[in-house]
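Below you'll find the structure, written out as structure tokens, and then a few comments.
Any read-out appearing in this document is the output of simple, stated calculations on the displayed coordinates, not a laboratory observation. A quick note: this is a predicted structure, and the numbers were derived from the prediction, not measured. So basically every Cβ, Gly included, is an ideal-geometry build from the backbone, and we count neighbours across all protein chains shown.
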Amino acid sequence: MSKSQSRAKRLEAALAKVTDAKCEIEELASELQSWLDNMPESLQGSAKADEIQEAISSLESAVSSLEEAEGADVSFPGMFG
């Protein structure tokens, strides 16, 4: 990111990266949920199932944090007056 860009453009680019990261994390959570949903009955309630559920919860928490960042509304002051 070049400092020659305006602060607003730099923020816009950073928020686009946040959105990309959020999408990737949502995809990971979806993959884990699919794994959990298709787990054989003999493994449901197992330590592995608990690990998967914990990972899903952590990813969902990360998504929530990124959603907050996506909503950032910053007004930068002008250079003069």
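Working only within segment 6-55, note down all residues that are over 24 Å from F76 (Cβ atoms), small (G, A, S) and surrounded by fewer than 13 Cβ atoms within 10 Å (Cβ to Cβ). Full working, then the answer.
Within segment 6-55, the first condition is being over 24 Å from F76 (Cβ atoms), and the residues that meet it are 23-55.
Going one step further and asking which of them are small (G, A, S), we end up with 29-30, 34, 42, 45-47, 49, 55.
Passing the criteria: S30, S34, S42, G45, S46, A47.
Determine if segment 33-40 includes at least one residue that is free of Cβ contacts under 8 Å to residues at least 12 places away in the same chain and part of a helix (DSSP H, G or I).
Yes, segment 33-40 has at least one match.
All but one of (1) of a type in the set (K, R); (2) surrounded by fewer than 12 Cβ atoms within 10 Å (Cβ to Cβ); (3) not in a loop (DSSP other than H, G, I, E, B) hold for K3; state the number of the condition that does not hold.
K3 satisfies all of (1) of a type in the set (K, R); (2) surrounded by fewer than 12 Cβ atoms within 10 Å (Cβ to Cβ); (3) not in a loop (DSSP other than H, G, I, E, B) except (3).
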